[in-house]
Amino acid sequence: MMKSTEIRTKYIEYFKKHGHTHVPSSSLIPENDPTILFANSGMNQFKNCFLGLENRGYTKAVSAQKCVRAGGKHNDLDNVGFTARHHTFFEMLGNFSFGDYFKKEAIHYAWEFLTKELAIPKEKLYVTCHISDDEAADIWHKQEGVPKDRIFRFDADNFWRMGDVGPCGPSSEIFYDHGPKAGKESDPFKGIAAGEDRYVEIWNLVFMQFYEESPGKLIPLPKPSVDTGAGFERLVAAMQGKFANYDTELFAPMIDQVSKLSGLSYVTDPEVLRNDSKIREQVAAMRVLADHCRSTSFLLADGALPSNEGRGYVLRRIIRRAVRYGRKLSTEHSFLPLLCETLIHHMQDAYPELKARKDFILSTVKDEESRFLQTLDNGSAILQDEISKLKKQNQKIVSGETAFKMYDTYGFPLDLTALIAAEQDLQIDETGFEKVMQSSKEKAKASWKGKGPQADEKHLVELGQKFGSQKTKFTGYESLEGSSKLIGLSDGLKEVASLKAGQTGFIILDQTPFYAEGGGQISDQGVIKTNSGKTNVLNSSKVNDVFIHHVEVESGEFKLNESVQTSVQASERRQVAANHSATHLMHSALRKVLGTHVGQAGSLVDVSKTRFDFTHNKPLSSDEIKKIEALVNNEISQAHEVTATLMPHQKAIDSGAMALFGEKYGNVVRVLKMSDFSTELCGGTHVHNTAEIRVFKIISESGVSAGVRRIEAITGDNAVQYLLRNNEELLTARQSTGISPEKSVTNWIEEKKEEIKDLQKQVKKAQSGQINVDELVAAAHSFKTATGTAKLVMADLAIDDRDVLAQIADQIKNKIQNGVVLVVGQGDGSHPVIVSVTKDLTKQFQAGGLLKDFAEILGGKGGGRPDFAQGAVPSREKLKDAFAAIQKKTTV
């Protein structure tokens, strides 16, 4: 049996032998592509090559691409576990031609690889072509010898489009026949048309030969291209003689672990799975765990973090879905962390990022699982109660309000609630859920920072694409001023010929000293001038290596092809550079103090501070913060030269440079080095010498989300002023309190806090002692109970301290031994109420119910235990009526 690693290697080596450049998989987190949540096909990283916007120096490529389909348009999450070959994570083998070879070569490569390199019998394979693509059909038959009765023609299923407009063309697919045990349909044409599991697509060849200008209007491309994709898991299943992808050695290590822990057998017989629902559900749960540990591990390795929105929310949904299915198999064992560890061991040779991020992956999964398990059982019980009520009422729809309650209170993603409901033949009111979600939380929409036009994001991408071949030369590392040519203008919605005084818009230059926002660093500000005009640069962004400057014209007019003078605001650049360099030093210091599991999870470097999010599972102690500050300030005091060197990416990594997860790097990278203390890949702006940072001070440390902490720190003048101000406040505090220089102010404060606590206790004791409890008891009302006679004591006291009132109520209750006590205080705007009931009467009179009846008359509310309740009322105007109501209630 051929192993999966051998199949992947054979594929890559075959195409390298035929002149293809091997391009490693891109990150699952797409760069500069807002149209997708995750990389979901092999061609994603080559999109600009197909559009003619990027020239990488090669025209033929081969890759094994990591893909995730669990959110957005391409979402397989709900099917995972219940079918033979749906996955959240999968690998896509692909070979690509960017205007080089076309149909003849693409078809030959695919057929030769399958039938000769992998030795798949030709009688196991079928081919499909588009109904209009006689050329491809002829090549399959005449060139490769595929019989005509094994070539089928389809319409929509065999035509591919990148979007509503853009490159498109016919496709040709190769299907593998798993045999009669996998399906009843013996006619391959009918089986393929019906999507029967017996006939599985293992390779798709897309021939991009047209450009669709508008629906139906196809223009032939001068240089047609090829985009192919072979589903790795499907190919492995075919080679290993397995009907289901889950039965291959790609998933076996994880499924074996689940089976061992749960004590349940993994059944592969399709006939048993079809006929036994209990075993089918058991196997589905095992497959969910085996699949979800893959997407979880790879997403965390590529920099995704669990959160409540966007990509992070999809990741959290995957983790929680896995935990819930694990719970169905066993309530005693934790599956997901162990399976992630097994997956890492199994695939780390092919994907080293798994090994590099192992500690972080496992700690994050454990933390997420622990958090969810705290609410899973309670939430499941609450949802089950709701479902039971619906069934009694013969209702089939779980309301949007209930679904939102499960999401908001118990952390149940909507699809998890829907899954639990579906298991009992109920549906979710998803529209109602969205309405409740919308009304409860208004999410801020992404917008450009600062003042400016309402930019059309699609238009900005189009600008980047149009000028992609004229990549902006960045001169800001060497100089803050320079001369440039104005090559593009926009009002934020469309291209224009000029911008006049008072207008805002976007300017594109052939070269620029303005740093474009990226890598966590804000963009530069400054001015662009002509002989007759001046515009302020408010912000800059980068699309496809094109710098787009967001401007407000102050005077004159700016026209296309004009020569302009550029000038960056120097003081702000210096402070941002100091903060950015300090961030690198801090990152290194964090890893030295806390451990190498620490990685950057986000950052913001601006003029006033650096904000750094990093992976760590607990708050930093004061000693750890001191050590980090000491390490950074020591490097600053050493006055180390800061060097930036361009070198090949792999050479930089081999030399020890740290790459940030989730970032995409080119073949040549910029390596920023500060002595031997810090070496990172970075395109940002920095100081020339660490001494320029002057001083580094951490001003806050807090949690952001599960497994992520945040530090805010300041440098330079901001740090100096902060320290001077703190020192002045400390001196003032010593002078006003008389604390000697030898004594710690912190210790003095703690001593005083203890003294205040003691005094507060004494005050409360004195207040309660001023009340004559015997007099209150003497005025008690007697009432009959089921077992005899009890007393009702109601008191109106000029005390606003709830604790004192509770003490008095206890004293009264101890005196009467059998009865009800109601005490009302007097506060400023709100008046406290205490109700206490002796234990023997709680079946007849509950403190919470009495308090509710009393408080409602006075416009208040409260609650508590059967024997003790407390609340508050805004008005005492109807106090007599309220007292009378309680007296009446006890006498009934």
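The values are calculated or read from the model by the stated rules, or taken from the named source; none is laboratory data. Since the structure is predicted, the reported quantities are computational estimates derived from the model, not experimental observations. Every residue, glycine as well, gets a Cβ built from its backbone with ideal geometry; the counts of neighbours run over all protein chains shown. We work out accessible area using only protein heavy atoms, side chains counted, and drop any ligands, DNA or RNA first. Shrake-Rupley method; radii C 1.70, N 1.55, O 1.52, S 1.80 Å.
Computed from backbone phi with θ = phi - 60° and the Karplus coefficients 6.51, -1.76 and 1.60, the 3J(HN,Hα) list for region 532-540 is 10, x, 9, 10, 8, 8, 8, 6, 9 Hz; x is used for glycine and proline. Residue pairs exceeding 26 angstrom between C-alpha atoms, taken from LYS358/LYS592; LYS124/LYS260; LYS10/LYS104: LYS124/LYS260.
Ordering CYS682, THR504, HIS86 by the projection of their Cα atoms onto the charge dipole of the chain, which places +1 on the Cβ of Lys and Arg and -1 on the Cβ of Asp and Glu, puts HIS86 at the extreme positive end. The calculated FRET efficiency for GLN721 paired with TYR477, based on their beta-carbon distance and R0 = 25 Å, is about 0.30. Remark: relative contact order (region 26-176) = 17 percent; criterion is Cα-Cα distance under 8 angstrom and separation of 6 or more residues.
How large is the dipole of region 6-151 about the Cα centre if only Lys and Arg carry +1 and Asp and Glu carry -1, each at its Cβ, rounded to the nearest 20 debye?
Dipole magnitude for region 6-151 comes out near 260 debye.
The angle between the Cα long axis of helix 622-637 and the longest principal axis of the Cα atoms of the chain comes to about 50 degrees, rounded to the nearest 10. Between the alpha-carbon centres of region 358-434 and region 324-352 there is a gap of 23 Å. Centre-to-centre separation between the Cα atoms of region 92-152 and those of region 1-68: 20 Å. Using Cβ point charges alone (K and R +1, D and E -1), the dipole size of the chain about the Cα centre works out to roughly 1320 debye.
Can you work out the FRET efficiency for the pair GLU728 and SER875, with r the C-beta to C-beta distance and R0 = 60 Å, to the nearest 0.05? Computed FRET efficiency for GLU728 and SER875: 0.80.
Quick check: net charge around HIS141, other residues with Cβ under 14 Å of its Cβ, Lys/Arg +1 and Asp/Glu -1?
Values: positive: LYS103, LYS104, LYS122, LYS142, LYS148, ARG150, ARG153; negative: ASP133, ASP134, GLU135, ASP138, GLU144, ASP149.
So the environment of HIS141 carries a net charge of +1.
In the structure displayed, which of LYS142/LYS217; LYS651/LYS673; LYS471/LYS559 lie more than 22 Å apart, Cα to Cα?
On the way: LYS142/LYS217 31 Å; LYS651/LYS673 14 Å; LYS471/LYS559 20 Å.
Long pairs (Cα-Cα over 22 Å): LYS142/LYS217.
At a probe radius of 1.4 angstrom, the accessible area of region 637-711 per residue rounds to 49 square angstrom.
Modelled spin labels at SER563 and SER330, positioned 7 Å past Cα toward Cβ, are 7.7 nm from each other.
Straight-line reach from LYS878: taking Cα to Cα under 20 Å and skipping same-chain neighbours fewer than 8 places apart, the lysines in range are LYS852, LYS861, LYS888, LYS889. Counting only Cβ charges, +1 for Lys and Arg and -1 for Asp and Glu, the dipole size of region 507-642 around its Cα centre is about 380 debye. Projecting the Cα atoms of ILE756, TYR58, HIS459 onto the charge dipole of the chain, computed from C-beta unit charges around the Cα centre, puts ILE756 farthest toward the positive end. A simple spin-label model places pseudo-atoms 7 Å from Cα toward Cβ; at SER637 and LYS278 they are separated by 7.2 nm. A simple rule links phi to the HN-Hα coupling: the Karplus curve 6.51 cos²θ - 1.76 cosθ + 1.60 with θ = phi - 60°, which for region 795-807 gives 9, 10, 10, 7, 9, 10, 8, 4, 5, 5, 4, 5, 4 Hz, with x for Gly and Pro. Per-residue 3J(HN,Hα) values for region 841-853, derived from phi via the Karplus relation 6.51 cos²θ - 1.76 cosθ + 1.60 with θ = phi - 60°, read 10, 5, 6, 8, 10, 9, 4, x, x, 4, 5, 4, 4 Hz in sequence order (x marks Gly and Pro). Of the trypsin sites (Lys or Arg not before Pro) found in region 348-421, the ones in coil according to DSSP and having at most 13 other Cβ atoms within 10 Å of their Cβ are LYS396. A cut-off of 5 Å between modelled amide H atoms, ignoring neighbours fewer than 5 places along the same chain, links GLY482 with THR566. Modelled spin labels at ALA422 and SER655, positioned 7 Å past Cα toward Cβ, are 5.3 nm from each other.
Given a 1.4 Å probe, how much area per residue of region 300-393 is accessible, in Å²?
Numbers: 4130 Å² over 94 residues.
It amounts to 44 Å² per residue over region 300-393.
The loop-placed GluC sites (Glu not before Pro) in region 269-333, going by DSSP, that have at most 14 neighbouring Cβ atoms within 10 Å of their Cβ come out as GLU309, GLU332.
What residue among ASN95, PRO224, VAL695 has its Cα farthest toward the positive end of the dipole of the chain, where the charges are +1 on Lys, Arg and -1 on Asp, Glu, each on the Cβ? In the chain, that residue is VAL695.
Quickly estimate the mean residue ellipticity at 222 nm for the chain, helices only: each DSSP H run with n ≥ 4 gives -39500 (n - 2.57), and the total goes over all residues, rounded to 500.
-12000 deg cm²/dmol
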